[in-house]
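J.: Sending over a structure as structure tokens; questions will come in a sec.
The values are calculated or read from the model by the stated rules, or taken from the named source; none is laboratory data. Everything numeric here is computed off the predicted structure, so don't read it as measured data. A quick note on method: Cβ atoms are made from the backbone with ideal geometry, for glycine too, and the neighbour counts reach across all protein chains shown.
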């Protein structure tokens with residue numbers, strides 16, 4: 001099984017147990033993200049916890065020491081992190097956190113979308129586009145906007161693997177292909 005698949009399975013298990021035990025999902029997600037940020041943001045700690053040459057027992061001791069030194073996390077997350085350390089699976093942490101966040105967003109019927117436009121849009125236009133995407137998906141939309149002058153005009157929205165391309169660049173490219181095909 002791939003690392004992503006394993007991380008997804010651990011995230012699903014963590015999420016399901018949290019829902020079953022009525023753990024605050026926001027707190028759990030914040031603690032998990034904070035722990036991952038702490039580990040990945042500290043080079044020596046990251047190397048120690050991710051290295052295959054460090055025995056799993058030492059990794060568990062490091063994780064427990066982090067909890068004891070004020071890195072308090074929920075008991076459920078503490079058990080999960082200790083389990084990952086025992087099984088020498090701490091390398092899955094970044095992907096596990098991402099998979100947990102995806103699962104939480106899916107649970108709340110929220111989807112991430114990106115919107116690229118040729119020029120910066122006023123907030124009311126962004127809100128209208130966000131509402132349109134929410135209607136198209138049937139979910140709440142967290143929209144991230146960027147400006148891409150190469151689009152010339154219009155917008156390109158991405159939701160997962162679905163792309164809604166209303167850019168002038170794409171329309172011109174379609175027109176060009178159409179003209180070339182009709183000339184042949």
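J.: Can you pull out every residue in region 44-73 that is closer than 20 Å to residue 27 by Cβ and either surrounded by 11 or more Cβ atoms within 10 Å (Cβ to Cβ) or within 26 Å of the chain's Cα centre (by Cα) (or both)?
T.: If the condition is that a residue be closer than 20 Å to residue 27 by Cβ and either surrounded by 11 or more Cβ atoms within 10 Å (Cβ to Cβ) or within 26 Å of the chain's Cα centre (by Cα) (or both), then 63, 66, 67, 71, 72, 73 are the ones that fit.
J.: Can you find even one residue in region 137-145 that is exposed (fewer than 11 other Cβ atoms within 10 Å of the Cβ) and either more than 22 Å from residue 120 (Cβ to Cβ) or in contact (Cβ under 8 Å) with a residue 40 or more places away in the chain (or both)?
T.: yes
J.: Right, another one. Going by what's in this entry, would residue 119 be described as under 30 Å from residue 158 (Cα atoms), free of Cβ contacts under 8 Å to residues at least 60 places away in the same chain and surrounded by fewer than 16 Cβ atoms within 10 Å (Cβ to Cβ)?
T.: Here the answer is yes, as residue 119 does meet what is asked.
J.: Residue check: is residue 163 over 30 Å from residue 50 (Cα atoms), without any contact (Cβ under 8 Å) to a residue 60 or more places away in the chain and either touching a helix residue (DSSP H, G or I) at 6+ places or on another chain (Cβ under 9 Å) or in the same structural domain as residue 23 (by TED's automatic domain parsing) (or both)?
T.: So residue 163 fails the test.
J.: Then there is this: Taking the criterion of being more than 20 Å from residue 167 (Cβ to Cβ), over 22 Å from the mean Cα position of the chain (by Cα) and either modelled with pLDDT of 90 or more or assigned to a helix (DSSP H, G or I) (or both), would at least one residue in region 106-124 satisfy it?
T.: Yes: region 106-124 contains one or more residues that are more than 20 Å from residue 167 (Cβ to Cβ), over 22 Å from the mean Cα position of the chain (by Cα) and either modelled with pLDDT of 90 or more or assigned to a helix (DSSP H, G or I) (or both).
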